[in-house]
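In what follows, a single structure is set out as structure tokens and then discussed.
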Amino acid sequence: MVIARARGGLGSARDCRGNGWTGWLGAASLVLLAACEKPANEAPREPIAVTVMTVVQRDTPVQFEFTAQTQSSREVEIRARVDGFLDKRTYVEGDLVSAGQTLFLMDPKPFEAALKTAKGQLTQQQARWTVTRANLARVRPLVAQNAISKKDLDDAIGNEQEAAAAVISAQGQVQTAELNLSYTTIKSPLAGLSSFAEQQDGSYLTAGPGGLLTRVYQLDPMWVNFSISENELLAYRDQITRGQLRFPAKQDFEVRLVLADGTMFPTVGHINFSNPAFSTETGTFKVRASFANPQGTLRPGQFVRARVSGAVRQNAILVPQRAVLQGSKSHFVWVVDKDGKARQRVVETGNWQGDNWFITEGLKAGERVVVDGAIRVVADMPLKVSDVPRPAAAGAGQGAAASDKSVTN
């Protein structure tokens, strides 16, 4: 039995050497290797260098920008006023014409003949009137002497009055004939830009709708039309009620134009009309501004951008657009707390103004917002902060000249 236990013990010892001890040594080696790979103290992250701005509130002039189209302040259709043949066009199509300049000539011969006839009839009636007046002058003394009856006097008076009326009618016929003859020379009633000729030489013209010859567009002043949507108007009224927006006294807005090539039209215009009723088709109402255009730079039908200035956003907060980031559900900015760490702040954005964005909710004066480097910021991360200069005062520089792009809901 002793031998058996010894063998058993030896067998156990062999098992420990062959399996048990080897397994224990392998596990210990793994633990030691893991301990060697893990650093005792992880090094802290380096602060991220960012620039920040301090939020300020100030009254800020704004501009509202609209797509607009130019319109002649006076567009006249040149039409034939009498029936007849067109002899000649006397202007160059597309040229500027002056007031009173002859544009077309019609065949005058039938109208000259009609005028001669009317004058002849007038002369005839004048002669008849002369005879009746002389007869009345002879009759009056005879009636006083009871040499003729009172009826003879009445007849003489009636004949004289009838002859006088005939003279007036004949004079009217002469005036009509003279007018018709003058209408054969068709002139421009205003100075402006001429259009192409609707009728060619030799065409028979009729007075009325079929007698359109051309159009003349007055260029100075020039009107510019744009439309404001119902949503925009309601938004402006709501902002005025809440004290966020102020319009100029007597609605005296200034309007500047940006042409298709991006250049600014040199003249400043003013609003001279706004339609009191909304269009039932578009849900907008029309606004019109007037511009001096002495050089004829603006032409009717041009598409331009109208920038309307004079309004002021009161106690407004502006931050650069690059400081505002887009999250999955909202916009946000990084705000630096008193410990110099970044905190995410959800904000409500308004309209753009140049390179800045109006913030209507989420920020208050005195807070510091990350501007440059915001894309690399992580919450609670320490920051290496440097300040950026404060924006220029309201009404100066870019803030006064940039446009406040209207948002249509």
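The values are calculated or read from the model by the stated rules, or taken from the named source; none is laboratory data. Everything quoted here is computed from the prediction, not taken from an experiment. As a convention, Cβ positions derive from the backbone with ideal geometry for all residues, glycine included, and neighbour counts pool all protein chains shown.
In the list Phe278, Phe273, Phe303, which residue meets the criterion of being among the aromatic types (Phe, Trp, Tyr) and under 19 Å from Val258 (Cα atoms)?
Going through Phe278, Phe273, Phe303 in turn, the sole match is Phe303.
Only one of (1) outside any loop (DSSP other than H, G, I, E, B); (2) closer than 30 Å to Asn315 by Cα is not met by Gly243, so which one is it?
Answer for Gly243: the failing condition is (1).
Which residue is modelled with the lowest pLDDT, if the candidates are limited to the range 380-394 and must be closer than 15 Å to Thr54 by Cβ and assigned to a loop (DSSP other than H, G, I, E, B)?
Ala393
Which count do you get for residues in the range 130-180 that are acidic (Asp, Glu) and in contact with a helix residue (DSSP H, G or I) (Cβ under 8 Å, 6 or more places away or on another chain)? I'd like the intermediate steps shown before the answer.
First, pick out the residues of the range 130-180 that are acidic (Asp, Glu): 152, 154-155, 160, 162, 178.
Next cut, in contact with a helix residue (DSSP H, G or I) (Cβ under 8 Å, 6 or more places away or on another chain) only: 152, 160, 162, 178.
Total meeting the criteria: 4.
If you go through the range 142-197 one residue at a time, how many are within 30 Å of Val216 (Cα to Cα) and of a type in the set (A, V, I, L, M, F, W, C)?
Adding up the residues that qualify gives 9.
Any residue at all in the range 276-284 that is of a type outside the set (Gly, Ala, Ser) and modelled with pLDDT of 90 or more?
yes
Any residue that is surrounded by 13 or more Cβ atoms within 10 Å (Cβ to Cβ), at pLDDT 90 or above and farther than 21 Å from Leu193 by Cβ - is there at least one of those in the range 288-300?
no
Listed here are the residues, each with its yes/no results for (1) in a helix (DSSP H, G or I); (2) within 43 Å of the chain's Cα centre (by Cα); (3) in the same structural domain as Thr132 (by TED's automatic domain parsing); (4) of a type outside the set (Phe, Trp, Tyr).
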position	(1), (2), (3), (4)
Asn159	yes, no, yes, yes
Ala166	yes, no, yes, yes
Ala170	yes, no, yes, yes
Val174	yes, no, yes, yes
Ala177	yes, no, yes, yes
Phe196	no, yes, no, no
Gly202	no, no, no, yes
Thr214	no, yes, no, yes
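Search the range 365-388 for residues that are touching a residue at least 12 places away in the same chain (Cβ under 8 Å) and pair each with any residue that is polar (S, T, N, Q) and surrounded by fewer than 20 Cβ atoms within 10 Å (Cβ to Cβ) when their beta-carbon atoms are under 6 Å apart and the residues are at least 6 apart or on different chains.
Ala365/Gln57; Arg368/Thr54; Val371/Thr51; Asp372/Thr51; Ala379/Gln344; Ser386/Thr51; Val388/Thr51
May I ask you to say which residue of Thr349, Thr360 is under 25 Å from the mean Cα position of the chain (by Cα), part of a strand (DSSP E or B) and at pLDDT 80 or above?
On inspection, the qualifying residue turns out to be Thr349.
For Ile186, all conditions in the list (1) surrounded by 15 or more Cβ atoms within 10 Å (Cβ to Cβ); (2) of a type in the set (Val, Ile, Thr); (3) more than 26 Å from Thr90 (Cβ to Cβ) hold save one; what is the number of the exception?
Status for Ile186: all satisfied but (3).
What are the pairs with Cβ atoms under 9 angstrom where one residue, in the range 128-150, is assigned to a helix (DSSP H, G or I) and the other, located anywhere, is loosely packed, with under 11 Cβ neighbours inside 10 Å? Sequence gap at least six, or different chains.
Here the result reads Pro141/Ala147; Val143/Lys150, each pair linking the range 128-150 to a residue that is loosely packed, with under 11 Cβ neighbours inside 10 Å.
Taking the conditions exactly as written (surrounded by 17 or more Cβ atoms within 10 Å (Cβ to Cβ), under 18 Å from the mean Cα position of the chain (by Cα) and either on the phi > 0 side of the Ramachandran plot or assigned to a strand (DSSP E or B) (or both)), does Arg313 satisfy them or not?
No.
Please specify each residue of the range 363-379 satisfying the condition of being part of a strand (DSSP E or B) and charged (D, E, K, R).
Arg368, Asp372
Kindly list the number of the only condition in (1) of a type outside the set (S, T, N, Q); (2) in the same structural domain as Arg288 (by TED's automatic domain parsing); (3) in contact with a Ser or Thr (Cβ under 6 Å, 6 or more places away or on another chain) that fails for Tyr236.
It fails just one condition, (3).
Condition check ((1) β-branched (Val, Ile, Thr); (2) in a helix (DSSP H, G or I); (3) surrounded by 12 or more Cβ atoms within 10 Å (Cβ to Cβ); (4) at pLDDT 80 or above) across all residues:
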residue	(1), (2), (3), (4)
Trp21	no, yes, yes, no
Ala28	no, yes, no, no
Ala43	no, no, no, no
Ala49	no, no, yes, yes
Val56	yes, no, yes, yes
Thr70	yes, no, yes, yes
Phe85	no, no, yes, yes
Leu105	no, no, yes, yes
Glu112	no, yes, yes, yes
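Among (1) out of contact with any helix residue (DSSP H, G or I) (no Cβ under 8 Å at 6 or more places or on another chain); (2) buried (at least 19 other Cβ atoms within 10 Å of the Cβ); (3) without any contact (Cβ under 8 Å) to a residue 40 or more places away in the chain, which single condition is Trp357 missing?
The number of the failed condition is (1).
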